[in-house]
Amino acid sequence: MTANAPAAPVVSLTGFSAEYRTRLGVTRALDGIDLDVARGELLAIVGESGSGKSTVSQAIGRMLPRVCHVTSGSVHVLGRDIASLAPDAIRALRRESLGFIPQDPIASLNPTMRIRRQLELALRPLGRPTDLESLTELLASVKILEPDRVLRLYPHEVSGGMAQRIAIALTMAREPEILIADEPTASLDAQVRDEILTLIVDLVQRSGASLIWISHDLGAVRRWCDRIVVMHQGRIVEEGPAAQVLDEPRADYTRTLVAAIPGRQDPTTKEAE
Amino acid sequence: MMSASHPDTDTAPVLELREVSVAFTSGAGAKRRTVRAMNAVTLEVAPGETLGLVGESGSGKTTTASVALGLKRPDSGEVLLLGEPFTRSRRANAGKLQAVLQHPHWSLNPRRKVGESVREPLTVARRDLSRSEQRQRVTEMLEQVGLNPAFAERYPHELSGGQRQRVSVARALVTEPRFIVFDEAVSALDVAVQMQILALIRELQAEHRFGALFISHDLGAVERVADRVAVLFRGDLVETASTEEFFRNPQHPYSQTLLEAL
Amino acid sequence: MTTYSLPLSKRKRAVKTRPPRDALFIAAACALGLIVLVAVAAAVIPFAGDPARIVGPRLSPPSAAYPFGTDALGRSVLARLLEGTRTTLVLSTLAVVCTAVISVILGLVAGYAGGWAREVIMRLSDVLYSFPSIVLAILIAAVVGPGQAAVLSSIVLVTVPLMTRMVSAAAMSVAKRDFVTTAKISGVSAPVILFRHLLPNVSGTIAVQGTYALSVGILVEGGLSFLGYGVQPPRSSLGLLIQEGGSYMLQAPWLLFAPAAVLVVAILSINLIGDTMRDRLDPRETRSLV
Amino acid sequence: MMQILRWSAGRVMSALITLLGVSVLIFVAIRLMPGSYEDIILGPLASAEERQLLAEAYGLDQPIFVQYFAWIGQVLTGELGTSYVTQSSVSGEMLERIPVTATLTIMAMAVTLLAGVPLGIWTGVRSGAKQGGAVGRVVSSIGISVPEFVLGSIVIFVFSQFSLGLKVGGFASIGTGFWPTFQALLLPALVLSVFCVAATARTTRDAVMGVLVEPHITAAVARGETAGHIVRHHVLRNAGIPILTLLGTITAYLLGGAVIIETLFNLPGLGSFMVTGLGRRDFAVVQATVLFAAAVFVVLSLVLDLITSALDPRVAVTGKAGS
């Protein structure tokens, strides 16, 4: 899928480091990250909690929390250094080019407002049609069964899977060039997980956008992604095509990660693709 | 009422749940929903055996844990610890059962030294021991869980997550209980540290012969530490099998989806 | 500022939080410290003279002889101000200590026991909370009769409801922690759990709420004494001095401004100290949209 | 819909219980007040028979809870007893005075809402910014550190010293038309509102800061929505609930403050009536005014509670207002 001529990467972090300065002390979150994401690529960033993978995803949209300070390096999105962008420019970038899929879908919706009202508020500034008919069609595009009923509900009245579909519909309606999904299925049940993942990948491939998928679920990542980046305590310890990284892990840390998947006899045996 | 099938006391089940049901009601009026956390769950834990209990969030794992620990009285069914039903006062069972819970950050009282936390169960169950004898047992336990006894003088915030869980295991074992519940005991730890703690639990069980109920959503951890596996799905016990049998070919469709999802 | 790499799991955090270095906190602490020090020192060595003695002509303005001028009876305003400040501080502090003891016991029981115990305690605090503070103080003054006892009991009954609620909420969240559950399983008795596990972990909330209660105490003393039902002459307190100042303010404004300034500075510094302690206790993430 | 009715019925019940508790507390307080009424009315030298006669007249010889229910019966029928000093009916006197206190508190409440809430939102939205630190904290604390009796005294001093137009003291009764009343109450209302504006701004700021860090705001920011859009549609609505609950406490401040302000500016309101009642140990007056103030607070808190539950859809399911 990736174009053979090395097209300019849509996202590139060079020597990027950041640390959390709180009253409890200084904790280094990222330590010299170099990462490029090509257009249309499905990239997965795996690692345990605290490895800094979420900080990378926040850095791309310049959404780092206040206590997190960038100490070195830069982040370029679509060729522009986002640190130098004025507030309006970064807002425009988020609005037109970036898309975020939340980890906790229900919490990402305004609890005091019905779904329909929230969709109208989010889509109207983009000039998208917000009449009942197009909203129903939008929800149908993410396989929500009775869209007109769902539109009338409040966020706490919909299931996790349903809320995630709404969030995906909301994000993809803006046709982002780069989609960042930070553990999109972490708060969902097993059966619903696969449906959501297939939906995300299908929509991403159809729109030609790049996907940056943060996860700690190696099994799912293996099935959908082109390339995998393994992170441990703020550093990238390994990077490469999905099959190669999971079957012949070079870094020790990756080996322990892979070994932790139950039911795998020996990580080095070749799995039928 | 001794169960007939285990006449010999030392193989009598440490914990027995017979047809235990628990339901929670949330909301009220038109939107009143009763959630059946446990419906007619029956399971046993034999001495020296670890029963792995797996299930997703909302499957009733945590309710089962609090019922097994005597913290929650079931709506119906019987709960027997060492053949006796739970009495109102927890002092009676003090020392016979213990727990290692999920959050290493909150497993120890941040304002008390680690040694004092480990010694606390002894002050209830083993009043016969003098203070220095109790301290001596604490030192032994810390060594058994692979910690330097000098840690007794430290505060929990000076320890890592893994070390704090080791202290929890030490506290759980200090009164030589016959039954321990591990409720998501390693889920919050890094993979490498998880492996060490799971190995530690296996070792200590071989030596102390306590019965254990290991509750987790992580099949990998259960595979490493459980002798038998029981699967909970929305309050129903859908399958119970030996670990090796369970991972080779799960019977129940839900168990299959769980294993496939890996 | 040296930054050092610390793996996340071994995050170092001192339990005994160091006093914050921010300027506002230090300024407030110094101001309050100065007021307390001077007021207490005046009791030991009456450098400002005896508050009850007539020292000079009535209502004479501040001058070298009478640093803060004299009051309607010719007494030194500085001496009376020091005595008044001392009375107000002593009364408020004493009341807050009583409030703390009552609120901690009720709050811990309500937070840990839950069920009907919690319901009764919360209902009682609702009843007291329904009275605007000065109205409750007036009711108590009617029962107990004007004087220091009225001030003391008013402050306690005004501050107990809120502090009990805060302690109960904090106790409830600590009671859910794993180490409390494990203590329960080990058969540890409820009172031991309350005072060995809950109390030390709720002490931060108690300190913050105690500070806020102190500033409310000074307000209640001021209000009640201003209305004439708190501290009675010849004793003096900030509220009483402000009231006296008010009635002579046209001829002698310094009678009003001296006690008013001390009262406002005291309450302001106590509130600032309370805010800083609250922010240190649970540092909240903040975001600015601008 | 059924759920909201059930939930609000619960709220009404707890408000009634609180009111009952308030009435018991006041009744007991009255009975504990030193010196029985006989001494006050008949003077300490009155003979035993006179005391006995009076006791029967006021029904003071029955068992305590009979007196309580008699008292409650009177209160509910609006008959708040007769003033022991002026022998005139307390409720009549109160009816005359309620408009004064009501106007004063409503004017102060208007200023509080118009100034306090926007100030709170403005500082809340900018809370994180660099200069938000020391300046914001001092300003937000000064307002609540200057009590009404201090500010009132100083304002009276300043206005009487330099006569800036607004006349101080003396009071054209309500009857003489709107403008003189407004002018007479403007200054006291402003003084009364300073404390409440500061308290409202402080709580609104906390509420707004609390909402700003919620995940749905993060999602909105990630969608690149403008600050104005986020505040207008998302922050105000979610912060509205804590602000509304705050209005109950603010009313308590206002009622309390009114007592001080009316005494200071000698306005013939309920507050000054209560203070003079206490001074003359006229316990029927103290009893009635205190009960009235507490009842207003409990009823208003209940109304606000119901409004917030209507605004917050989560209440319909979880049975408690989303924090």
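A few remarks follow.
- Cross-link check: pairs A:LYS53/A:LYS143; B:LYS113/C:LYS176; A:LYS53/C:LYS176; B:LYS61/C:LYS176 evaluated at a Cα-Cα cut-off of 24 Å; pairs beyond the cut-off: A:LYS53/A:LYS143; A:LYS53/C:LYS176.
- Accessible surface ranking that places the most exposed of B:ARG127, A:ARG193, A:ARG66 first, with a 1.4 angstrom probe: B:ARG127, A:ARG66, A:ARG193
- Just so you know, the Cα atoms of region C:41-281 work out to an Rg and Dmax of 21.7, 75 Å.
- Radius 15 Å from Cβ of D:SER89, net charge of other residues (Lys, Arg +1; Asp, Glu -1): -3
- Compactness ratio for chain A: Cα radius of gyration over 2.2 N^0.38 Å (N = residue count) comes to 1.03.
- GNM result for chain C, Cα springs below 10 Å: residue of C:ALA39, C:ALA23, C:ALA31 fluctuating most strongly: C:ALA23
- Spherically averaged projected area in nm², based on the convex hull that wraps the Cα atoms of the protein assembly as shown: 54.8 nm²
- Rotationally averaged projected area of region D:95-315 (alpha carbon convex hull; nm²): 15.0 nm²
- Cross-link partners for C:LYS184 among the aspartates and glutamates, with Cα-Cα distance under 16 Å and sequence neighbours closer than 8 places in the same chain left out: B:GLU116, B:GLU120, B:ASP183.
- Helix-derived mean residue ellipticity, 222 nm - over chain B, DSSP H n ≥ 4, -39500 (n - 2.57), to 500: -10000 deg cm²/dmol
- Computed from label points 7 Å out along Cα-Cβ, the spacing between B:LEU259 and B:GLU207 is 3.4 nm.
- Accessible solvent surface per residue of region B:111-176, calculated while the other protein chains remain in place, 1.4 angstrom probe, Å²: 41 Å²
- Residue order by solvent-accessible surface for A:ILE106, D:ILE241 is A:ILE106, D:ILE241, largest first, with ligands and nucleic acids left out and a 1.4 Å probe.
- Residues whose amide H falls under 5 Å from that of A:VAL237, counting only those 5 or more places apart or on a different chain, are A:VAL230, A:MET231, A:HIS232, with hydrogens built in the peptide plane.
- Mean-position separation - Cα centroids, region A:24-77 and region B:188-202, in angstrom: 28 Å
- Interface size C-D, as summed buried accessible area [1.4 Å probe, Å², nearest 100]: 4900 Å²
- Residues C:ARG287, A:ARG223, ordered by accessible area of protein heavy atoms at a 1.4 angstrom probe radius and largest first, appear as A:ARG223, C:ARG287.
- A probe of 1.4 angstrom, applied to the heavy atoms of all protein chains, finds A:ARG235 with accessible area near 110 square angstrom.
- Accessible surface buried by the A/D pair amounts to about 1900 Å², both sides summed, 1.4 Å probe.
- Where both bridge residues fall in the protein assembly as shown, DSSP classifies roughly 55% of the beta bridges as antiparallel.
- Ligands, DNA and RNA excluded, the heavy atoms of A:HIS156 present near 60 Å² of accessible surface to a 1.4 Å solvent probe.
- Each stretch of four or more DSSP H residues adds -39500 (n - 2.57); spread over every residue of chain A, this sum gives -10000 deg cm²/dmol at 222 nm.
- With every protein chain in place, chain C: carbon and sulfur % of accessible area (1.4 Å): 70 percent
- Alpha-carbon centroids, region A:86-148 and region B:59-76: separation in whole Å: 41 Å
- Taking the convex hull of the alpha carbon positions in region A:34-172 and averaging its projected area over all directions gives 10.2 nm².
- Scattering curve values for chain B, log₁₀ I(q)/I(0), Debye with Cα scatterers, q = 0.13 Å⁻¹: -0.87
- For C:CYS98, the solvent-accessible surface computed with a 1.4 Å probe is close to 50 Å², ligands and nucleic acids excluded.
- Within the listed set B:THR42, B:THR11, B:THR139, the residue fluctuating most in the Gaussian network model of chain B (springs between alpha-carbon atoms under 10 angstrom) is B:THR11.
- Counting DSSP beta bridges with both ends in chain B, the antiparallel % (nearest 5): 55 percent
- Rounded to the nearest 10 degrees, the angle from helix C:199-227 to the longest Cα principal axis of chain C is 20 degrees.
- Between region C:104-122 and region D:68-125, the alpha-carbon centres lie 32 Å apart.
- Within the shell defined by Cβ-Cβ distances under 12 Å, the residues around C:ALA171 carry a net charge of +4, with Lys and Arg each +1 and Asp and Glu each -1.
The values are calculated or read from the model by the stated rules, or taken from the named source; none is laboratory data. Remember, predicted model here, so these are calculated numbers, not experimental data. Quick reminder, even Gly has a Cβ in these numbers, built from the backbone with ideal geometry, and neighbours come from all protein chains shown. Protein only, heavy atoms only, side chains kept; ligands, DNA and RNA dropped before computing areas. Shrake-Rupley method; radii C 1.70, N 1.55, O 1.52, S 1.80 Å.
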